[in-house]
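In what follows, a structure is listed as structure tokens, so that the remarks can point back to it.
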């Protein structure tokens, strides 16, 4: 099951209700600490979302050139509103090469096995020699113990219900959103899929050198729910 622009746009509408922004600084710190230790001039963020990550990296590091790409037009619009260059496209359509490519907040988990293989080929193609690929992935524990179940959130104009299940390496979330328009509520419903990938699998498919594999615990559970990875093109 491939995630569609419509499903990603619905996610864009409700991201602020999901608690992502509250946990993001703890994850971003891993990226920042590594990027502070290297010299680079260009950074491409794949699946840039609303541009928060690029905005924070640019503010902290003053990178000469940053760019975001995303398959959701709504997310790209939010990034552009922050004054950051962004385009609605996939990585394999890019024309340039970069010193650093990032894929933040389990972006790789939105790809099934075939799409992951294709994506990692494009990562290597679009990295400069000696360039770095930084990403994070969900652990098996994270899928099985953190993300499953039901979730409800609302504000004055939106009501969101999410039902999620993880089985045989697939994490499926049913998003149901009611948005207030005048005196009525309009219903939208989309399915978003994620997939478990092991570190060994990503190393094998990427043909890049693994430099860092740090465990990350965003939600204070008993075990890490993510792993932060750094690869180098050599």
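Here are some notes:
- Seen against the Cα atoms of the chain and their longest principal axis, helix 20-35 is set at about 0 degrees.
- Between helix 52-61 and the chain: long-axis angle, C-alpha atoms, 0 to 90°, nearest 10: 40 degrees
- Computed FRET value (nearest 0.05) for residue 212 with residue 153, which takes r as the C-beta separation and R₀ as 30 Å: 0.35
- Calculated mean residue ellipticity at 222 nm for the chain: -8500 deg cm²/dmol, from DSSP H runs with n ≥ 4 weighted as -39500 (n - 2.57), summed, divided by the residue count and rounded to 500.
- Full extension of the segment from residue 93 to residue 23, taken as 0.36 nm per residue of separation minus the current Cα-Cα distance, would add 22.1 nm.
- With Cα atoms, 0 to 90° folded angle of helix 113-125 axis to the chain main axis: 40 degrees
- Theoretical gain in end-to-end length, residue 9 to residue 81 [0.36 nm per residue, Cα-Cα removed]: 24.3 nm
- Shape of segment 171-212, Cα gyration tensor, a/c cut at 1.5: prolate
- Both radii come from the Cα set of the chain: Rg as radius of gyration, Rh as Kirkwood radius; their ratio Rg/Rh reads 0.95.
- Rg(Cα)/(2.2 N^0.38 Å) for segment 67-166, N = residue count: 1.30
- Each residue, residue 32 and residue 179, gets one label point 7 Å from its Cα in the Cβ direction; the gap between the two is 3.2 nm.
- Rh (Kirkwood; distinct C-alpha pairs) - segment 117-234, Å: 16.7 Å
- Computed over segment 143-193, the Cα gyration tensor eigenvalues convert (square root of 5λ each) into semi-axes of 26, 11, 5 Å, ordered from largest to smallest.
Coordinate-derived values only; no laboratory data. Please read these numbers as outputs of a predicted model, since none were measured by experiment. Glycine also receives a Cβ, built like all others from the backbone with ideal geometry; neighbour counts cover every protein chain displayed.
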